[in-house]
1. Only one residue in Val83, Val139 is part of a loop (DSSP other than H, G, I, E, B), within 30 Å of Glu12 (Cβ to Cβ) and modelled with pLDDT of 95 or more. Which one?
2. Would you please list the contacts, defined by Cβ atoms under 7 Å and residues six or more apart or on different chains, that run from a residue in the stretch 187-200 that is on the phi > 0 side of the Ramachandran plot to a residue that is open to solvent by 60 Å² or more (accessible area, probe 1.4 Å) and not in a helix (DSSP H, G or I)?
3. Spot the failing condition for Thr160; the list is (1) more than 23 Å from Leu199 (Cβ to Cβ); (2) open to solvent by less than 10 Å² (accessible area, probe 1.4 Å), and only one is missed.
4. Which of the residues that make up the stretch 258-272 are polar (S, T, N, Q) and either in a loop (DSSP other than H, G, I, E, B) or open to solvent by 50 Å² or more (accessible area, probe 1.4 Å) (or both)?
5. Looking for something surrounded by 15 or more Cβ atoms within 10 Å (Cβ to Cβ), under 25 Å from the mean Cα position of the chain (by Cα) and within 16 Å of Phe141 (Cβ to Cβ) - is there at least one such residue anywhere in the stretch 23-30?
6. Just the residues that are within 20 Å of Val159 (Cβ to Cβ) and open to solvent by 60 Å² or more (accessible area, probe 1.4 Å), please, taken from the stretch 94-108.
7. Could you check, for the stretch 3-10, whether at least one of its residues is part of a strand (DSSP E or B), open to solvent by less than 30 Å² (accessible area, probe 1.4 Å), touching a Ser or Thr at 6+ places or on another chain (Cβ under 6 Å) and within 29 Å of Ile214 (Cα to Cα)?
Amino acid sequence: MKECELYEKFVEKGKEKLRCLACSHKCIIEKDKTGICGVRKNINNKLMSLVYGKIASMNADPIEKKPLYHFLPGSYAFSIGTVGCNFRCDFCQNFDISQTAKRGFIFGQDFTPEDIVKKAIQNNCKSIAYTYNEPIVFVEFVKDVAKIARKKGLKNILVTNGYFSRESFDYISNYIDAMNIDLKSFNKDFYKKYCGGKLEPVLETIKLAYKKGIHIELTTLVIPGLNDSEEEFEKIAKFIAKIDKNIPWHISRFFPRYKMFDKQPTSIETLKKAYEIGKKYLNYVHIGNV
C-alpha cells in the first residue's frame, strides 16, 4: 500500500473529501471508501493505492499478444497486471482480476519496481507491458517501473481502455513508448450500458497519444448485435483514418465470457466485412482471436 499521487483534497459542505484524478471518472471518495476501480481508497483523508506493487498476473508474452503488430515485432514483452479496473465491461476477458476488487478482494504478490525490471531483463524481454487489467488504476507503480525500465533500455507499453484524465495522461505519457487502446464501440450508449464509462475520453486519449508521438494500435472486440453493424465499422475506420491511416486497427473475435454468455461467437463473415470496410480507409487492419 502506498499513497497515490494523482488526487486532490477539497472541502464540501464542511466535510473533507478526496477527488481521484487517475481517470475520467474523477471519483469523489469519502473516508474508508474506494473509487469505482476498487483499488484507490480514502484512508485517513489520504488516497492510498491498495495494489501498489501487488502483482496479480505476470508473464513474458509475445508482443503480438498485446496486440501490437508494428512495434518491436517478434520480441517479448514482460507483462504485469494487478486487480482492479475503472470499467465494468460485461464481456471482460480478465474479469477474475479486473472486477474482484469491487467485491473487496485484493490479492497479488508484492514486487518493487526494481524487481519488475530485473525480471524483464532476465526473461530477455525488450519491453514491459502494463496489461491484463486497466493500468491507469495503478498508474503510480507504472510510472515508477517505467522510469527504471527506460534507464535500462527497455520500452514501456500500456494496454488500456483509454479512459485517462488529462492529469493522468500528462503524468505518465513521457515514459510510454507504445499503447494498444481499446476502442470498444463508436456508440456512447454502448459505453454507458456495457462498460460504465463514456466514449469521448477514449477518443481524446487516442488523439493525445498520437500527437505525443506514442506508437498506437487500436483494438475493437466485435460483439454480435451490439457493435457489429457496417455503419459502426465505417465510423470507427473513418475516425482512425482522420488521425492517420497508418494506425493499425485490430478487429478481435468475441467469445462468450463473464456476463455475456447469451451471445454467440462473432462470425468469420462479420470479421471479414469489418476488415473490408477498414481497408477502404486504413493501411493496416488485422483480424484476431480466431
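The values are calculated or read from the model by the stated rules, or taken from the named source; none is laboratory data. Please read all numbers here as calculations on a predicted model, not as lab measurements. All Cβ positions, even for glycine, are placed from backbone atoms using ideal geometry, and neighbour counts span all protein chains on display. Side chains included, ligands, DNA and RNA excluded: accessible areas come from the protein's heavy atoms. Shrake-Rupley method; radii C 1.70, N 1.55, O 1.52, S 1.80 Å.
1. Only one candidate qualifies: Val83.
2. Matching pairs, first to second residue: Gly196/Arg88.
3. (1)
4. Answer for the stretch 258-272, where residues must be polar (S, T, N, Q) and either in a loop (DSSP other than H, G, I, E, B) or open to solvent by 50 Å² or more (accessible area, probe 1.4 Å) (or both): Gln264, Thr266, Ser267.
5. Yes, that holds for at least one residue.
6. Residues satisfying the conditions are Phe95, Asp96.
7. no
Yes or no, residue by residue, for (1) closer than 17 Å to Ser24 by Cβ; (2) of a type in the set (Asp, Glu); (3) outside any loop (DSSP other than H, G, I, E, B); (4) at pLDDT 95 or above:
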{"site": "Lys118", "(1), (2), (3), (4)": "no, no, yes, yes"}
{"site": "Cys125", "(1), (2), (3), (4)": "no, no, no, yes"}
{"site": "Ile157", "(1), (2), (3), (4)": "no, no, yes, yes"}
{"site": "Lys192", "(1), (2), (3), (4)": "yes, no, yes, yes"}
{"site": "Lys198", "(1), (2), (3), (4)": "yes, no, no, yes"}
{"site": "Glu204", "(1), (2), (3), (4)": "yes, yes, yes, yes"}
